[in-house]
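Derivation of every value follows stated rules applied to the coordinates shown; laboratory data play no part. Fair warning: this is a prediction, and the values are worked out from it, not measured in the lab. Note that we place each Cβ from the backbone using ideal geometry, even for glycine, and neighbour counts take in every protein chain shown.
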Amino acid sequence: MTNNIVSVGEPDLIDRCITILQNNGVIAVPTDTIYGFAALVSSEQAVRRIYEIKGRSFTKPLAIAVGDIDDVLTWSRPTLTREQLSTGDLLPGPVTLMFERQASLPSYFNPNVSNVAIRIPDCQFIIDLARRLKQPIALTSANYSNDPSSISIEEFQLLWPQLDLVVDAGVLASNDRRGSTIVDLSQKNYFHVQRHGIDCERIVRYLKDHCHLQEQPDVL
């Protein structure tokens with residue numbers, strides 16, 4: 001299995017990842033928050049493998065990672081303007097934004113779910129990979145479902161044998177297991193924080209002060 005662990009600085013790593021992903025592979029990747037499992041949204045087989053590796057319920061949706069703001073517009077229907085998305089206060093960053101999904105996403109991906117959770121991690125490796133692929137990457141935390149999130153590859157070592165590649169960036173600089181802040185923006189003029197993750201207070205302040213959105217309270 002050691003041949004399947006590579007440093008994030010390895011030459012031709014992006015090419016190797018692309019080859020694996022285009023052949024229905026599942027890889028472990030670093031992000032700006034926690035380690036994740038990644039596969040191509042366009043590979044139904046690989047998406048299913050992610051669920052099986054994690055022991056995750058098939059009714060729980062996966063997020064997608066993309067490389068540019070234009071991709072956000074391609075795969076979702078943002079309620080924010082391009083300018084609001086492009087200031088650098090949200091994307092790239094430790095936030096997952098939920099918008100209405102576009103019909104261009106395959107029907108087997110998060111079936112019967114009207115929204116899609118979308119990320120541009122502030123991680124050059126992921127951005128470069130997504131830009132080279134020119135298609136969305138299914139992304140979820142690198143752990144067994146309901147276990148703590150991973151900030152080093154050793155923390156999900158028991159799952160290595162089921163992965164086609166593990167990209168090692170050491171202990172992640174975030175040093176924070178909360179993961180990204182998840183914000184539902186599917187309703188125009190409103191936002192709802194679904195998960196209070198990294199940088200949550202700053203993200204909420206931006207949505208209120210710059211985007212002039214109202215916060216929807218938790219429903220009891």
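Taking Asp176 as the residue in question, decide whether it is under 18 Å from the mean Cα position of the chain (by Cα) and within 20 Å of Val66 (Cα to Cα). For Asp176, the condition - under 18 Å from the mean Cα position of the chain (by Cα) and within 20 Å of Val66 (Cα to Cα) - is not met.
Quick check: anything in segment 112-132 on the phi < 0 side of the Ramachandran plot, out of contact with any Lys or Arg (no Cβ under 7 Å at 6 or more places or on another chain), of a type in the set (Ser, Thr, Tyr) and outside any helix (DSSP H, G or I)?
no
Note on segment 55-64: residues that are among the basic types (Lys, Arg) and surrounded by fewer than 18 Cβ atoms within 10 Å (Cβ to Cβ) amount to 1.
For segment 179-194, filtered to residues that are out of contact with any helix residue (DSSP H, G or I) (no Cβ under 8 Å at 6 or more places or on another chain) and free of Cβ contacts under 8 Å to residues at least 40 places away in the same chain, the residue that is nearest to Ile5 (Cα to Cα) is His192. Considering each residue of segment 32-54 in turn, at least one proves to be farther than 25 Å from Arg202 by Cβ, surrounded by fewer than 17 Cβ atoms within 10 Å (Cβ to Cβ) and touching a helix residue (DSSP H, G or I) at 6+ places or on another chain (Cβ under 9 Å).
Can you name the residue in segment 65-119 that is of a type in the set (A, V, I, L, M, F, W, C) and farther than 25 Å from Gln214 by Cα and is also surrounded by the most Cβ atoms within 10 Å (Cβ to Cβ) among such residues?
So the first thing to find is which residues in segment 65-119 are of a type in the set (A, V, I, L, M, F, W, C), and the list is 65-66, 69, 72-73, 75, 80, 85, 90-91, 95, 97-99, 103, 105, 109, 113, 116-118.
Imposing the further condition that a residue be farther than 25 Å from Gln214 by Cα reduces the set to 65-66, 103, 105, 109.
Values: Ala65: 26, Val66: 28, Ala103: 7, Leu105: 18, Phe109: 19.
Looking at the filtered set, the residue picked out is Val66.
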